[in-house]
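Take a look at the structure set out below.
The values are calculated or read from the model by the stated rules, or taken from the named source; none is laboratory data. What you see is a predicted model; the values in this text were computed from it and never measured. Positions of Cβ are generated from backbone atoms using ideal geometry, with glycine treated the same way; all protein chains shown enter the neighbour counts.
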Amino acid sequence: RQSMLGVPSLPAELPHSEDTIREIDLEIRRIIDEASQTAHEVLTNRRDVLDHMARELMEVEVMDADHLKRILDEHKTVPQIKPGTHAAPGAASAGEESSGPRPASPATGDGAESREPAEGA
């Protein structure tokens, strides 16, 4: 009997069926592959930043957090939010209005406090 990720185990160690173990292995593999693909995309898309950091490290050999932050700030981009995800809570500072869609109102369920009926409705 095999445990997750193909590591041999004793039968009493895992109370899972072979099918369940196979499903777990497939999901772990999917997560690893997705993370690897994301890392590759980030490094490819931000190659200019990576090259800048490499040049700086060749010159100074040691880089502190402030130096790294300056490089990242020089190459700052607009955050990309994947479809189906939401911005982190508190992303807008206090007192700022969000220009994005408003959450649904509990009273109406449509995001509006009150709405006049449309003509002909």
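So the values come out like this:
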| item | result |
| --- | --- |
| Filter result (loosely packed, with under 10 Cβ neighbours inside 10 Å, of a type in the set (Gly, Ala, Ser) and modelled with pLDDT under 90) within region 56-110 | Gly84, Ala88, Gly90, Ser93, Ala94, Gly95, Ser99, Ala107, Gly109 |
| Contacts under 7 angstrom Cβ, first residue in region 41-63 being touching a residue at least 24 places away in the same chain (Cβ under 8 Å), partner surrounded by 10 or more Cβ atoms within 10 Å (Cβ to Cβ) and in a helix (DSSP H, G or I), 6 or more apart | Val49/Ile71; Val49/Leu72 |
